[in-house]
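In what follows, a structure is listed as structure tokens, so that the remarks can point back to it.
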């Protein structure tokens, strides 16, 4: 009898659940920007008068399940956009409800991918970040990614002078090989030397740049000890478009490019080709003298090609293919204090390709997979050397985003990468790396105004010849009110040794010493974090203020040292600390016709072995920018101050300041958007040396014309 009662009770429960499910509906859809058409993540969708809610995720997709059938009012809201309310929504079964949201004249809140690997609004991630959008980059005095990045708080660009000179990056006191550079999600850092010259990417080829400051290896892997620079190329537009860009300037500089984009329904593509040339023959003054000379062997010639296509699998899914190729020939100018010129030349070719698949497999699961390759060939030759290096890398990564409920998201996945080098100096070298990533996003809403988000991440990384390691990170985001965010992060980051560090050949010059690599090197590691706040408000007069304190401790730093026989080799002997404060204050007046930006950064560094500051790390760096729109004319000025930099024991390069400016005139003619720009760099023609022995150009003028359909 008892067993029979249990059986019929179970049947009754199942029948009741089936009946209940039969009277419940599901609402799902996509949230998009009504102007650009881009998907919007982190939008809260509320069914008013009930406890049912959802938050849009990567691709702008949301879903609300088990909603009892009936008539409801549904509301979508997020900072930076006007709320959208749909009344008299009849819920019965499964239904699609899309929301186009109109942007409000609040402080911009762009989408960022690099913070968590998935789309989020910048106000919804804990990492300290700066996002440069295309319009912002075009307002500044910059032809390349390096030239626009130099004015970003927390970022220092080591400029070796002119278009031919290398431009390497430092974030929060890191070395250039401790900053990870990505292009559309693909790693660009070389396994041979670890660094990346971002001056090869022209601004007109970029849609936006995301800068994540602070250690981020738990999310993106090796090299991200100082931060991440993520470059994004334009997405294909949903219409026919084309454009022409041209520039002529001082020192024989000239460049030109054209692009074409077309929409064929679900299939669309974007393609661009450009060339840049410069003689680089500027005049400089030898420090501490009145002697002027012309920079020699500093010419540059390069071209780049990009093709990007997308096929829409569904409203929330796509297949994307990218191919990018660059070629450059440049002089390798010697330091100005060298008595004998080596007449070095450097030729480089780089080919990059990737295929990306993203799809919303189920209402709860989003899938991402990307396969990519990179091939970089470099030929350096001079009176003394003739070296060829060919670096190749292949990567496969897959990740899944599981939406357990509107307050809890899980990310899981991994990647495998193979790096190989064919070199006349280092022979043949290979490395295989594998990693797994586990990440969560948990939101705890205490009331209608207080929102707390926890973002823990854990990465396991393995590399041949180096073994494995675990890399944790924790981020916290607190939003006590709509316009105020409190952020904190703490975690571990790392950098694996380069092929140059491990396998540099043993070369001995009797009586003069020599060099050799060290195959027993360990990975560099760091523990560090930051804490800060951001306040943004206003409509007619918009203001944004942010302040972040950061602190990092680097261990096992790889430094090249000499033994008693003057043979130089790398060793894990270095330790360093960096700490400082990044601040930024921006205000826009008169409906964006006037704006002002102030960003001072204070930083202290300390070599724990030598008990002294690290080289090429300025204590103070301040950027001031201001602009004004008068009818169709835009006037922009940027002032930068950089403190003195140590170059070796008791030797410092002096502080410097530089003022840049430009005038732009925009108008329409015959259906074309036309922009004429006049740029002036280093307006006061100052003699500036950022890297010892490598002066940068004096006053430089550029005239630019841009035509777009």
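The values are calculated or read from the model by the stated rules, or taken from the named source; none is laboratory data. None of these values were measured; they are calculated from a predicted model. All Cβ positions, even for glycine, are placed from backbone atoms using ideal geometry, and neighbour counts span all protein chains on display.
Look through 96, 50, 26 and report the one residue that is more than 27 Å from residue 314 (Cα to Cα) and either in the same structural domain as residue 483 (by TED's automatic domain parsing) or at pLDDT below 90 (or both).
Working: 96 fails: more than 27 Å from residue 314 (Cα to Cα); 26 fails: more than 27 Å from residue 314 (Cα to Cα).
From the options 96, 50, 26, the qualifying one is 50.
Going residue by residue through the stretch 651-659, is there one that turns out to be closer than 22 Å to residue 247 by Cβ, in contact with a helix residue (DSSP H, G or I) (Cβ under 8 Å, 6 or more places away or on another chain) and either in a strand (DSSP E or B) or assigned by TED's automatic domain parsing to the domain that holds residue 253 (or both)? Reasoning before the result, please.
Pass one, the stretch 651-659, residues closer than 22 Å to residue 247 by Cβ: 658-659.
Next, only the ones that are in contact with a helix residue (DSSP H, G or I) (Cβ under 8 Å, 6 or more places away or on another chain) stay: none.
Scanning the stretch 651-659 turns up no residue that is closer than 22 Å to residue 247 by Cβ, in contact with a helix residue (DSSP H, G or I) (Cβ under 8 Å, 6 or more places away or on another chain) and either in a strand (DSSP E or B) or assigned by TED's automatic domain parsing to the domain that holds residue 253 (or both).
Picking from residues in the stretch 196-216 that are out of contact with any helix residue (DSSP H, G or I) (no Cβ under 7 Å at 6 or more places or on another chain) and under 17 Å from residue 325 (Cβ atoms), the one that is surrounded by the most Cβ atoms within 10 Å (Cβ to Cβ) is 196.
Condition check ((1) within 29 Å of residue 692 (Cα to Cα); (2) assigned by TED's automatic domain parsing to the domain that holds residue 701) across all residues:
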position	(1), (2)
166	yes, no
179	yes, no
188	yes, no
207	no, no
219	no, no
234	no, yes
239	no, yes
253	yes, yes
257	no, yes
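Give the residue that is surrounded by the fewest Cβ atoms within 10 Å (Cβ to Cβ), with candidates limited to residues of the stretch 262-274 that are assigned to a strand (DSSP E or B) and more than 24 Å from the chain's Cα centre (by Cα). So that I can check it myself, show each step before the final result.
So in the stretch 262-274, the residues assigned to a strand (DSSP E or B) come out as 262-264, 267-274.
Still in the list and also more than 24 Å from the chain's Cα centre (by Cα): 262-264, 267-268.
Numbers: 262: 16, 263: 15, 264: 10, 267: 13, 268: 19.
The extreme case among them is 264.
Inclusion of residue 128 among residues that are under 30 Å from residue 591 (Cβ atoms) and outside the structural domain of residue 476 (by TED's automatic domain parsing) is warranted.
If you check 184, 159 for being within 24 Å of residue 308 (Cβ to Cβ) and either out of contact with any helix residue (DSSP H, G or I) (no Cβ under 6 Å at 6 or more places or on another chain) or in the same structural domain as residue 273 (by TED's automatic domain parsing) (or both), only one passes: 184.
Restricting attention to the stretch 59-88, report how many residues are in contact (Cβ under 8 Å) with a residue 40 or more places away in the chain and assigned to a strand (DSSP E or B). Working first, answer last.
Going through the stretch 59-88, the residues in contact (Cβ under 8 Å) with a residue 40 or more places away in the chain turn out to be 59-61, 63, 65-69, 74, 76, 78-81.
From what's left, assigned to a strand (DSSP E or B): 61, 63, 65-68, 74, 76, 78, 81.
Of the residues in the stretch 59-88, 10 are in contact (Cβ under 8 Å) with a residue 40 or more places away in the chain and assigned to a strand (DSSP E or B).
Taking the stretch 280-307 as the range and being in a strand (DSSP E or B) and over 24 Å from residue 256 (Cβ atoms) as the test, the residues that pass are 283, 284, 285, 292, 293, 294.
Working only within the stretch 273-292, note down all residues that are more than 19 Å from residue 163 (Cβ to Cβ) and in contact with a strand residue (DSSP E or B) (Cβ under 6 Å, 6 or more places away or on another chain).
Matches in the stretch 273-292: 285, 292.
Scanning the stretch 610-650 for residues that are outside any loop (DSSP other than H, G, I, E, B), under 25 Å from the mean Cα position of the chain (by Cα) and touching a residue at least 40 places away in the same chain (Cβ under 8 Å) yields a total of 8. For residue 702, the stated conditions hold: it is in contact (Cβ under 8 Å) with a residue 60 or more places away in the chain, out of contact with any helix residue (DSSP H, G or I) (no Cβ under 8 Å at 6 or more places or on another chain) and under 29 Å from residue 278 (Cα atoms). For residue 316, the conditions (1) over 25 Å from residue 423 (Cα atoms); (2) buried (at least 17 other Cβ atoms within 10 Å of the Cβ); (3) modelled with pLDDT of 95 or more all hold with the exception of (3). Only one of these is assigned to a strand (DSSP E or B), touching a strand residue (DSSP E or B) at 6+ places or on another chain (Cβ under 6 Å) and in contact (Cβ under 8 Å) with a residue 40 or more places away in the chain: 310, 320. Name it. None of the other options fit; the residue is 310.
Residue under question is residue 281, and the condition is that it be touching a residue at least 24 places away in the same chain (Cβ under 8 Å), more than 27 Å from the chain's Cα centre (by Cα) and over 23 Å from residue 693 (Cβ atoms); does it hold? For residue 281, the condition - touching a residue at least 24 places away in the same chain (Cβ under 8 Å), more than 27 Å from the chain's Cα centre (by Cα) and over 23 Å from residue 693 (Cβ atoms) - is not met.
The rows are residues; the columns are (1) within 19 Å of residue 152 (Cα to Cα); (2) in a loop (DSSP other than H, G, I, E, B).
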site: 518; (1), (2): no, yes
site: 531; (1), (2): yes, no
site: 536; (1), (2): yes, no
site: 569; (1), (2): no, no
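From the list 348, 390, exactly one residue is surrounded by fewer than 19 Cβ atoms within 10 Å (Cβ to Cβ), part of a strand (DSSP E or B) and in contact with a helix residue (DSSP H, G or I) (Cβ under 9 Å, 6 or more places away or on another chain). Which is it?
Details: 390 fails: in contact with a helix residue (DSSP H, G or I) (Cβ under 9 Å, 6 or more places away or on another chain).
Result of the check over 348, 390: 348.
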